[in-house]
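The structure under discussion appears below in the form of structure tokens.
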Amino acid sequence: MSHRNTSQSGFAHPGLVLLLIIVLGVVGGGGYYTWHKNHEQKQSSDNSQTGKKVAKVTNYDECLKAEGSIVQDSYPATCITKGKQRFTQPIEQKYLAIKEWGVKFPYPEGVLSLSYDIHTNAVSDGPQIMDIHLDDVPGSCKGTNMLLRAKSGQDLDGYGNTAEQIISRFGTGKVKKLGDYYYLFEHGQSGCTTDTQALRVINELSPKILGAKIQNLAPLE
């Protein structure tokens with residue numbers, strides 16, 4: 001009697017197939033875990049680097065330290081970040097301190113140096129006069145800007161107008177009262193030089209003195 005061989009050549013044993021599937025699953029799972037972990041770390045690193053690039057800049061000093069920032073050649077200087085934020089260099093405010101009168105006022109923008117002389121020949125019922133010198137002007141002429149002061153009822157502007165009359169005509173913007181005195185910025189009528197360069201600087205800076213807000217005049221601390 002002949003017997004039929006039931007084994008089929010070319011087919012692996014079912015147990016081997018199952019084992020192979022398990023091995024492949026373990027290897028594949030481990031590979032995916034490793035790839036996923038590395039991907040997360042790379043994303044975290046990229047996000048960290050991106051965060052540094054777009055770190056928020058809030059002031060001039062931070063702008064100077066930020067990568068990609070540039071500084072414009074201006075006064076005061078302007079720092080511009082890579083993201084086009086602009087920050088102006090903070091400048092310490094300078095004051096002209098008038099010790100004899102116990103007052104001070106801030107330097108107007110663009111004026112670097114000031115000094116003053118107080119007239120000693122003022123009449124009793126007229127204004128006390130102080131010349132403000134623009135020390136930036138070359139030569140001996142330093143402009144003809146003045147700060148005047150007078151008490152209530154006295155001539156304040158040198159033309160017989162009291163502080164009350166000036167306020168009535170122009171409002172409170174031109175005059176400021178500190179203590180017993182009213183104060184006013186004025187400009188002399190006569191020039192003091194014909195030098196072209198000096199006149200150019202005077203014409204540039206004098207309006208800044210006259211345009212300075214008298215309300216910024218303050219008691220000297």
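Coordinate-derived values only; no laboratory data. Note that the coordinates shown come from a computational prediction; the quantities given were computed from them, not determined experimentally. Here Cβ is always computed from backbone atoms with ideal geometry, including for glycine, and neighbour counts include all displayed protein chains.
Name the long-range amide H neighbours of G188: under 5 Å, sequence gap of 5 or more, or other chain; modelled H, no Pro or chain starts.
The answer is T144, N145, M146.
Could you pull the Cα extents of segment 64-124 along its three principal axes, largest to smallest, in whole Å?
Ordered largest first, segment 64-124 gives principal extents of 63, 18, 14 Å.
In terms of Cα to Cα distance under 20 Å, which aspartates and glutamates are near enough to K174, apart from those fewer than 8 places away along the same chain?
Cross-link targets: E109, D131, D155, D157, E164, E186.
Can you tell me the mean projection area, over all orientations, of the convex hull of segment 95-219's alpha carbons? Units nm², please.
Value for segment 95-219: 7.5 nm².
Going by amide H atoms built from the backbone, whose H comes under 5 Å of the H on K104, apart from near neighbours?
Long-range HN contacts for K104: I98, A218, L220.
Once the Cβ-Cβ distance between T120 and L178 is put in as r, and R0 is 25 Å, what FRET efficiency do you end up with, to the nearest 0.05? Numbers along the way, then the final one.
Working: r = 21 Å, r/R0 = 0.85.
For T120 and L178, the calculated efficiency is 0.70.
So which lysines pass the test for K56, namely a Cα distance under 29 Å, with those fewer than 8 places away in the same chain ruled out?
K42, K65, K82, K84
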